[in-house]
Amino acid sequence: MTGTVGHQLIPAPRAVRDGSGVLELDGTTSLGADPELNTARRWLSRALGAATGWDLMPAPAGSATIRLRLDPELDAEAYRLDVDTAVVIHAGGPAGAFYAAQTLLQLMGPAALRQAPAAPGGGSADPWPVPRTHIEDRPRFGYRGAMLDVARHFMPKDNLLRFIEVMAMHKLNVLHLHLTDDQGWRIQINRYPKLTGTGAWRRESSRGSWRAGVFDSLPHGGFYTQDDLREVVAFAAERHITVIPEVDVPGHSQAAIAAYPELGTGALNGTGPVEVWTRWGISETVLEISDTSLEFYRNVLDEVVEIFPSPWISLGGDEVPLTQWQNSDRARAQAAALGLADVAGLHSWFVRQLALHLEAHGRATHVWDEIGDGGLPDRALVASWRDYEGGIEALKNGYDVVMCPEHKLYLDHRQADGDDEPVPVGFVTTLQAVYDFEPLPQDVDPAFPGRLLGAQANIWTEHLDSPRRVNYAAYPRLSAVAEVFWSRPEDRDYDGFLARLTGAHLKRLEAMGVEYRAPSGPNPWQQRPGVEGWKRDYDAEQRTAAGTAAG
Ligand code: ACM
């Protein structure tokens, strides 16, 4: 990537050849598209029209000022963008045309990302210069994801739509929504109204790390109606983002069990009803592996697949403590009856039953990698979060994989070592460390029977209690992630990225209202003095694990 134009763009395009001078666009600008690219035309007309105040005139695709042309020779996500006497975009399909439109807005400067003209006096009469250039671009990976945990802290729908808009500016294309957990159930299920009636709110929450034992005395809750979620899905689809819903089983299920106690092993064992969990951490409250639970979750999934057209539905499957099953005569008998060696096998057995149900709906299952310990469902997509190993094992066994190792791509983890990072938890995960991420370790031969579809950054929200806190955690690291997932590794250049970030991209984020972490560190109001975190050290944990294994 060369030239001044390329030096403004994030993610970096594959090839740029600068022309000389600028093309001036103004209120007479017309827009036309081949019919196959109409969705991109519609989006560009709205976005550019909003920012500039122009009423973009419709014109034939062959002669408009901005032309979106289909080129079947190109991949569906690929595009060429020529700015000379007109803006001529060639795209392999609607996604490519959409990415070209995003690149065009980036070329027009940060104001092109605002939602109304911001120049003094309205400004829509002034021409907007676009640098003359020729860009050829396509992504490295087909799956460029972010996971957002809306269970620990609910993100109101308007903010979620905005989060999607900012993802789209970065050419990310998968939003994995973590909709259920111990601390909250966020998706309306018509058949089981108590899932949201009871499960969507909690009395209070841990303040900072649960280890501090401090609570905030503030009720927290919220949920999306099915119409909300259909709106979110359609909004994302218009931006070529697939929304993967996650209903996490058989652990991380305390909110569901609070609503319907018959789903829980503990409640059946007489340990009493549970409430929606107020603490962070891993709850020992797990699902009873029974016909009742299976029937319940099949019914839930029947509604989930109606809302989400995603080829994958996530059943989670992470972090399942065995204590309750080990203490349950029924669970032990159930494991024996199923021919399992012990109750540990109930975990993947249960997920596989639900995966078969999804299969009957024509959907593949997305799971966290620990499910692999007990046998993966057919056609599973495995999200490898416990380092790379689970993913590599799944690739060896012919599964699809997305990489999201905790020590590399968890954006709730602290961005620097300083005590002023708000609620500093997890491993130090700097902007540069994120930028240096590769989905496979260097010494691993990438020739596997399984497919590495891409990677995703995960944003857990125990300590991110508002959209502002999510934006602080996500940006600008998610900008770096987007470049890693889109651009070629041989073009990777951290100094160049930083120059583009500070020279142009932070201004884009500001124009979109994203309260990112400044390179200099948190602003005073972004700090959380006195709220205890839980700092971890990856190398020390590796040494301990090695010592434990050896000893
Ligand atoms: C996870 O971090 N428990 C997937």
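The values are calculated or read from the model by the stated rules, or taken from the named source; none is laboratory data. These numbers come from a predicted model, not from an experiment. Because the Cβ atoms are built from the backbone with ideal geometry, glycine has one as well, and the counts that use them run over all protein chains shown. For the accessible areas, the whole protein counts, side chains as well, though only heavy atoms, and no ligand, DNA or RNA atoms are used. Shrake-Rupley method; radii C 1.70, N 1.55, O 1.52, S 1.80 Å.
Annotations
- Degrees separating the helix 477-486 axis from the principal Cα axis of the chain, which is the longest one: 80 degrees
- The local environment of D126, defined by Cβ-Cβ distances under 13 Å, has a net charge of -2 under the rule Lys, Arg +1 and Asp, Glu -1.
- Cα-based helix-to-principal-axis angle, 538-550 vs the chain, degrees rounded to 10: 40 degrees
- E483 sits among other residues whose Cβ lies under 15 Å from its own Cβ, and their net charge, with Lys and Arg +1 and Asp and Glu -1, is +4.
- Note on L294 and E73: their simple-model spin labels are 5.5 nm apart, each label 7 Å out from Cα toward Cβ.
- Degrees, to the nearest 10: 345-360 long Cα axis against longest axis of the chain: 50 degrees
- Here the extension length gained between A447 and E389 equals 19.4 nm, from 0.36 nm per residue of separation less the Cα-Cα distance.
- Checked against a 26 Å cut-off, the cross-linked pairs K157/K194; K507/K535; K171/K507; K171/K408 give Cα-Cα distances beyond that limit for K507/K535.
- Relative to one another, the C-alpha centroids of region 80-99 and region 319-398 are positioned 44 Å apart.
- Considering only the chain, percent of DSSP beta bridges that pair antiparallel, nearest 5: 35 percent
- Residue-averaged 222 nm ellipticity for the chain, from DSSP H runs of 4+ at -39500 (n - 2.57), nearest 500: -9000 deg cm²/dmol
- Euclidean distance of C-alpha centroids, region 22-49 and region 244-317, integer Å: 46 Å
- Gyration tensor (alpha-carbon) shape descriptor, region 193-294, a/c threshold 1.5: oblate
- Modelled label positions at T544 and R191, each set 7 Å beyond Cα in the direction of Cβ, lie 4.3 nm from each other.
- Straightening the chain between W534 and E306 buys 78.1 nm, computed as 0.36 nm per residue apart minus the Cα-Cα spacing.
- Highest-first arrangement of 256-263, 371-378, where packing means the average Cβ count within 10 Å: 256-263, 371-378
- For the chain, carbon and sulfur atoms together expose 50% of the accessible surface, with a 1.4 angstrom probe and every protein chain in place.
- Cβ crowding within 10 Å averaged over residues, with 417-423, 171-177 ranked highest first: 171-177, 417-423
- Efficiency of FRET between T4 and R330 - r from beta-carbon atoms, R0 60 angstrom, step 0.05: 0.30
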